[in-house]
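**Student:** Starting off with a structure, shown below.
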Amino acid sequence: MSTTAQIGVTGLAVMGRNLARNFARNGYTVALHNRTASKTHDLVKEFGHEGEFLPTEAAKDFVAALERPRRLVIMVKAGDPTDAVIQEFAPLLEPGDMIIDGGNAHFADTRRRERELRERGIHFVGTGISGGEEGALHGPSIMPGGSTESYDSLGPMLEKISAKAKDGAPCVTHVGPDGAGHFVKMVHNGIEYADMQLIGEAYQLLRDVAGYSPAQIAEIFRTWNTGRLDSYLIEITAEVLSHVDAATGEPFVDVVVDQAEQKGTGRWTVQIALDLGVPVSGIAEAVFARSLSGHAALREASRELAGPKAAPLSEAAAFADRVEQALYASKIVSYTQGFHEIAAGSEEYGWDIDLGAIASIWRGGCIIRAAFLDRIRAAYDARPDLPSLLSDETFAQEIAAAQDDWREVLVAATRQGVPTPGFAAALAYYDALRAERLPAALTQAQRDFFGAHTYRRVDREGAFHTLWGGDRSEVGA
């Protein structure tokens, strides 16, 4: 048995435990540490046969068990708990060692921690890990930031434990410096919020407008999963909708309280997009939809609000086909907005993120893995300066072909009183991009009227202000 470990994991809740097992299963000796020592010993007792583990209790013994350069993975809650662990272990490390944060940290915290530890000669690697507990064990999508030097040492290990795409490529890449990895993971989760909201809207339309049962909708989703919507989320949606509750015999989806919770990364995506000036309306609507679902008292007080008197829908099968078109087109818009935010963050913070590489590592292991990520990767590989996914000829053609059905679905949803904020926001974004003129001209004129904020003209350069009283003359600003 080895006396030193190639990597160590502290924080042995479900994600940390499974990640440690993943490293061990792939031939690495793994040092283990947890604030509650019993978790360390329980892991070894239950899974010690999977590989080589070095259990430790004291922080100094954990660090001493690691070979140089030391690679110490933190798997604890984001925020103050992460800072506490760093403060505990950093004094025990030496220049060249590295701390890897595999939690869902805010990228700004990661930038601060990386800067502070760099001054002490310690590498800090903020690492996004997607795939949940199963991914952590069997192969997640991994998004590490940090220095190139740290990736040279850590990267081969991450590549070995990561998910593999269908072409065998490891679902990990060096995203960029300091907080780049956690930034990309944040946006990944924002896209995930939007994706789930769109799927939920498709389900609601198929049920409340077309009249399908959950079991029938499950079969529709299974059919969709054999085509261009092939993805993990579509796959599990079919499983959820086909499940029957053992206690009641009712469809499982009907016994779940209709309030969706959130851990914060979706909100962060929207907040940072506002700071960067990037429109991520689809992600924002998904976040707000979860928030609205949780306001039970407000919803109960609004039950008696009048709704439309709409005629029943005919031709349910044809409507289902139109919903598939709307779902696919809206999904493209969600990814478009997410990649726009990554590009804007990369420019703002000087990260030089390869968008094609990000699409590539999302093809396996992560929650939003989907067949069409191959095409997103190809689009960015062909044109690294692609201003938008909607500028790609193939995606543009597909949305053009889908838009009539997309619009008809929204008309039907409005007539039947079914809320579809995700579909509607995606179509509004598409129409805004293709519009020759936007009402922002009027908005800016209003701003000049009440606040002398100036405006620019279409016929000459410069900033101008109109003196709105009297003769309303125009002056240069």
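The values are calculated or read from the model by the stated rules, or taken from the named source; none is laboratory data. These numbers were taken from a predicted model, which means no experiment stands behind them. Neighbour counts run over all protein chains shown; Cβ positions are idealised from the backbone, glycine included. All accessible areas refer to the heavy atoms of the entire protein, side chains included, with ligands and DNA or RNA removed. Shrake-Rupley method; radii C 1.70, N 1.55, O 1.52, S 1.80 Å.
**Student:** Work out the P(r) tail for the stretch 208-347: percent of alpha carbon pairs separated by more than 18 Å, whole number.
**Tutor:** Considering the stretch 208-347, 70 percent of its Cα-Cα pairs are separated by more than 18 Å.
**Student:** Report the percentage of all Cα-Cα pairs in the stretch 384-477 whose separation exceeds 15 Å, rounded to a whole percent. Please report the intermediate quantities before stating the final value.
**Tutor:** Numbers: 3181 of 4371 pairs.
For the stretch 384-477, the share of Cα pairs beyond 15 Å comes to 73 percent.
**Student:** Let me ask something additional. D for the stretch 323-429, whole µm²/s, Stokes-Einstein with Kirkwood Rh over alpha-carbon pairs at 4 °C and 1.567 mPa s: what number?
**Tutor:** 88 µm²/s
**Student:** For Ser360, what accessible area in Å² do you get when you roll a 1.4 Å probe over the heavy atoms of the protein chains, rounding to the nearest 10?
**Tutor:** The value for Ser360 is about 20 Å².
**Student:** What's the angle, to the nearest 10 degrees (0 to 90), between helix 281-293's Cα axis and the longest principal axis of the chain?
**Tutor:** Approximately 80 degrees, to the nearest 10.
**Student:** With a point put 7 Å past each Cα toward its Cβ, work out how far Asp321 is from Asp61 in nm, to one decimal.
**Tutor:** Going by the 7 Å Cα→Cβ label model, 6.8 nm.
**Student:** Let me ask something else. Suppose every K and R has +1 on its Cβ and every D and E has -1 on its Cβ; what is the size of the dipole of the chain about the Cα centre, in Debye to the nearest 20?
**Tutor:** Numbers: 46 positive and 65 negative charges, 84 e Å.
For this selection, approximately 400 debye.
**Student:** Would you kindly state how much longer the chain becomes between Leu276 and Leu313 on full extension, computed as 0.36 nm times their sequence separation minus their alpha carbon distance, in nm to one decimal? Each step should come with its number before you reach the end.
**Tutor:** Numbers: separation 37, 0.36 × 37 = 13.32 nm, distance 4.28 nm.
Extending this stretch completely gives an extra 9.0 nm.
**Student:** A further question on this structure: When a/c is below 1.5 the answer is rounded, else prolate if a/b is larger than b/c, else oblate, so apply that to the stretch 75-142 with a ≥ b ≥ c taken from the square roots of the Cα gyration tensor eigenvalues.
**Tutor:** Prolate shape, in that a/c is at least 1.5 and a/b is the bigger ratio.
**Student:** Which longest uninterrupted range of the chain lacks any trypsin sites (Lys or Arg not before Pro) assigned by DSSP to a loop state (not H, G, I, E or B) and surrounded by at most 10 other Cβ atoms within 10 Å?
**Tutor:** The longest uninterrupted stretch comes out as 1-165.
**Student:** Then there's this: Quick one: Debye curve from the C-alpha atoms of the chain, no solvent, what's log10 I(q)/I(0) at q = 0.08 Å⁻¹?
**Tutor:** -0.57
**Student:** Suppose each label sits 7 Å from its Cα in the direction of the beta carbon; what would the Ala452-Gln204 distance come out to in nanometres?
**Tutor:** Distance between label points: 4.7 nm.
**Student:** Once you have the alpha carbon radius of gyration of the stretch 23-113, what is it after dividing by 2.2 N^0.38 Å, with N set to its residue count?
**Tutor:** 1.11
**Student:** Next question. Where the only charges are on Cβ atoms (+1 Lys, Arg; -1 Asp, Glu), what is the dipole of the stretch 167-277 about its Cα centre, to the nearest 20 debye?
**Tutor:** Dipole about the Cα centre, nearest 20: 240 debye.
**Student:** Roughly what angle does helix 440-451 make with the longest principal axis of the chain, taking Cα atoms, 0 to 90 degrees, to the nearest 10?
**Tutor:** 90 degrees
**Student:** Ratio of the stretch 104-248's C-alpha Rg to 2.2 N^0.38 Å, to two decimals?
**Tutor:** Taking the Cα Rg and dividing by 2.2 N^0.38 Å, one obtains 1.34.
**Student:** Using only Cα atoms and rounding to the nearest 10 degrees, what angle (0 to 90) does helix 265-276 make with the longest principal axis of the chain?
**Tutor:** With both axes taken from Cα atoms, the answer is about 60 degrees.
**Student:** Taking 0.36 nm per residue of sequence separation and subtracting the Cα-Cα distance, how much length would be gained by fully extending the chain between Arg228 and Arg299, in nm to one decimal?
**Tutor:** Residue separation times 0.36 nm, minus the Cα-Cα distance, leaves 22.0 nm.
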